[in-house]
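I have placed the structure first, in the form of structure tokens, so that the comments after it can refer back to it.
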Amino acid sequence: MGLLLVRSKATKHNEAMATELIPLFPLSVVLLPSMPLPLHIFEDRYKEMMGEIIPAKGEFGVVFAKDDGIVNIGCTATVERVMRRYDDGRLDLLAMGQRRFQIASLDQEKSFLRAEVEFFNDDDASEVPLDLRQRATAAYRDLAIAESESAEGGEPTWENTRISFQLARFIDDFEKRQTVLSLRSEVERLEFLVRVIPEYMAKRERTALAKRVGPLNGHARVSR
């Protein structure tokens, strides 16, 4: 797979930031901070990676893998629990999203990919306006209901200042989730989410309806 580094405009501040070399795990999923990630490790290169990560209680970077490569903003993860070890070295484990990073350069000296990365936090720490909080809470409830198919949705944890990441976990449109991961303002992330969620929900309902109706096409019931 070719490597695609989708670079954002670097500021002088970012260019001066120190980098850290971390292992990379490209996946067809977008990991968010504080998001659980179950993994089944079966490739030899990732067995080697976890053989280094787990004893050291270190971090590895999860990046969204596309057809033409990987994007350059990802999220680190730590191994919270090894749930099963197989005789052939395979592992079932639970990882947890931690810190956001941007790739500065790639390193392919080992069997698994590594990268020099720059960690980043939000540039804008503005308080979320009350109206936006209310709309985000309503969107969270709607998504939670759709996800669990129950009559009651959950509540976001507002003590956590990054509610956007809790909200974006419900969205399986990874391009949208990648946008949330990349934005450096909680207000911007929530504004983006409350704008796109109604259409996302409508599309999800259309897909569910098509699955329900599809098997009935061409099968008319004849009353006798």
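The set of residues from the stretch 112-133 being part of a helix (DSSP H, G or I) and surrounded by 12 or more Cβ atoms within 10 Å (Cβ to Cβ) comprises Leu132, Arg133.
Which residue is nearest to Asp92 (Cα to Cα), if the candidates are limited to the stretch 34-47 and must be more than 14 Å from the chain's Cα centre (by Cα) and buried (at least 16 other Cβ atoms within 10 Å of the Cβ)? Residue satisfying both the conditions and the ranking: Ile41.
Going by the conditions given, is Glu147 at pLDDT below 90 and not in a helix (DSSP H, G or I)? No, not satisfied. Filtering the stretch 27-40 for residues that are within 21 Å of Asp107 (Cα to Cα) and either touching a residue at least 60 places away in the same chain (Cβ under 8 Å) or not assigned by TED's automatic domain parsing to the domain that holds Ser111 (or both) leaves a non-empty set. The set of residues in the stretch 84-111 that are surrounded by fewer than 19 Cβ atoms within 10 Å (Cβ to Cβ), touching a residue at least 12 places away in the same chain (Cβ under 8 Å) and under 20 Å from Ile41 (Cα atoms) comprises Gly89, Arg90, Asp92, Leu94, Met96, Lys110, Ser111. Taken over the stretch 26-80, the criterion of being more than 16 Å from Phe101 (Cβ to Cβ) and among the charged types (D, E, K, R) is satisfied by Glu43, Asp44, Arg45, Lys47, Glu48, Glu52, Lys57, Lys66, Asp67, Asp68, Glu80. Checked across the stretch 111-118, the condition of being in contact with a helix residue (DSSP H, G or I) (Cβ under 6 Å, 6 or more places away or on another chain), within 25 Å of Ser185 (Cβ to Cβ), among the hydrophobic types (A, V, I, L, M, F, W, C) and outside the structural domain of Met201 (by TED's automatic domain parsing) holds for no residue. The residues in the stretch 182-199 that are in a helix (DSSP H, G or I), touching a helix residue (DSSP H, G or I) at 6+ places or on another chain (Cβ under 7 Å) and farther than 14 Å from Pro129 by Cβ can be counted, and the count is 4.
Of the residues Met83, Met50, which is farther than 12 Å from Phe25 by Cα, of a type in the set (A, V, I, L, M) and either in contact with an Asp or Glu (Cβ under 8 Å, 6 or more places away or on another chain) or not assigned by TED's automatic domain parsing to the domain that holds Phe165 (or both)? Testing whether each residue is farther than 12 Å from Phe25 by Cα, of a type in the set (A, V, I, L, M) and either in contact with an Asp or Glu (Cβ under 8 Å, 6 or more places away or on another chain) or not assigned by TED's automatic domain parsing to the domain that holds Phe165 (or both) leaves just Met83. Val117 meets each of the listed conditions (1) over 17 Å from Ser182 (Cβ atoms); (2) at pLDDT 95 or above apart from (1). If you go through the stretch 27-45 and keep only what is within 25 Å of Glu175 (Cβ to Cβ) and outside any loop (DSSP other than H, G, I, E, B), you end up with Leu27, Pro36, Leu37, Pro38, Leu39, His40.
The values are calculated or read from the model by the stated rules, or taken from the named source; none is laboratory data. Worth saying up front: this structure is predicted, and the values here are computed from it rather than measured. Note: ideal-geometry Cβ built from the backbone for every residue, glycine included; neighbour counts use all protein chains shown.
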